[in-house]
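Inspection log for the structure reproduced underneath, given as C-alpha cells.
The values are calculated or read from the model by the stated rules, or taken from the named source; none is laboratory data. This structure is a prediction, so every number in the text was calculated from the model and none was measured. We place every Cβ from the backbone using ideal geometry, glycine too, and count neighbours over all the protein chains shown.
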Amino acid sequence: MHITKIRINQNRFPTKDAYPFNLSILQKTRTVDLTTPVTVFIGENGTGKSTLLKAICSRCHIHMWEGVYRRRFDENEYEDKLQHTIDIQWVNGMVPGSFFSPELFRNFSQLVDEWAVSSPGILEYYGGKSLLSLSHGQSTMAYFRSMYNRKGLFFLDEPEAALSPTTQLDLLELLNEKSSNGDTQFIISTHSPILMSCHEAELYSFDNRSIARIDFKETSHYKVYKQFFNMGVSAPDA
C-alpha cells in the first residue's frame, strides 16, 4: 500500500455551481479509505468516478499522457481544478506510477514508436514489438505486463474498453498477481464485473449520495449480468 486515505476538502471548492464541483457525491464525501491493494470505483456514467480518479492521479504527481489539445465550444475553467481540493495520505512518501486510459493509449503508442526510431531498445520494455503492430487488446496487455512489473501506484480508467472478455481475464490475473506482492497498488474506474471480481479489490459505489463501499454481488453490474444469463437467452439462428 502506498496511499491509504483520500480527503476531499469542500471548503476549497472554487464554486459549487460548475462541474465537477456541482456533483452531489463530491459535495457529500469527506474521505475515501484505501485498505486493499486494489480499489475499484464503480457507478453509472456521469457520476464522477473517472473525474475523481484523474484528480487523485494528478494530486499524486503522476503524469497523464494527453492527446492533441483542441479548442472547445464550451470551455470549463473548473474542469481540472478538483485535484487542488484533495489531500493524499501516503504510507512512506510518494512513489512513481502511471495513468492508463484507452482513449489516450493510441497517442502513447505512437510516441513510443517515434522514440524507437532512434532507440530501438525501448521496444524490449514492451515485449520486443511495436505497440502499433499489435491489435488494440494485445498492445494494451503488453503495456500492462511491462508497466506493472515494478513498484508503483497505478491508475486505470475503464481499461475494459480495449479488451475482450478473455483479455479482461488476463488483466484480472495480472492484477491478482501483482497486487499480492506488496509493491504495487491499483485504483481503477470500471464497468467490468470481471475486473470488479479481483480478490484483492475493495469496491466503492458512486451511485449513492456519497461514495460508499459495496459488495461485489450487490453491485448493479453483477445483478444485471446475472439476470441476463438467468433469462436463458439462446444464440440467434445462423
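As a summary of the residue check, Leu171 satisfies the conditions (1) within 25 Å of Gln89 (Cβ to Cβ); (2) under 14 Å from the mean Cα position of the chain (by Cα) except for the one numbered (1). Listed by position, the strands (runs of 3 or more DSSP E) contained in the range 151-213 that have at least 2 residues being more than 24 Å from Gln227 (Cα to Cα) are 152-157, 184-189.
Can you find a residue that is modelled with pLDDT of 95 or more, under 26 Å from Ser180 (Cβ atoms), surrounded by 14 or more Cβ atoms within 10 Å (Cβ to Cβ) and of a type in the set (Val, Ile, Thr) anywhere in the range 62-80? No: zero hits.
The residue list Leu156, Leu163 contains one member that is at pLDDT below 90 and not charged (D, E, K, R), which is Leu163. Taking the criterion of being farther than 22 Å from Glu202 by Cβ and either of a type in the set (Lys, Arg) or loosely packed, with under 13 Cβ neighbours inside 10 Å (or both), the residues of the range 3-13 that qualify are Asn9, Asn11, Arg12. Residues of the range 186-220 that are surrounded by fewer than 20 Cβ atoms within 10 Å (Cβ to Cβ), within 23 Å of Phe99 (Cβ to Cβ), of a type outside the set (Asp, Glu) and in contact (Cβ under 8 Å) with a residue 60 or more places away in the chain: His191 alone.
All of Tyr126, Tyr148 fail the test of being at pLDDT below 75 and either closer than 30 Å to Asn9 by Cα or not polar (S, T, N, Q) (or both), apart from Tyr126.
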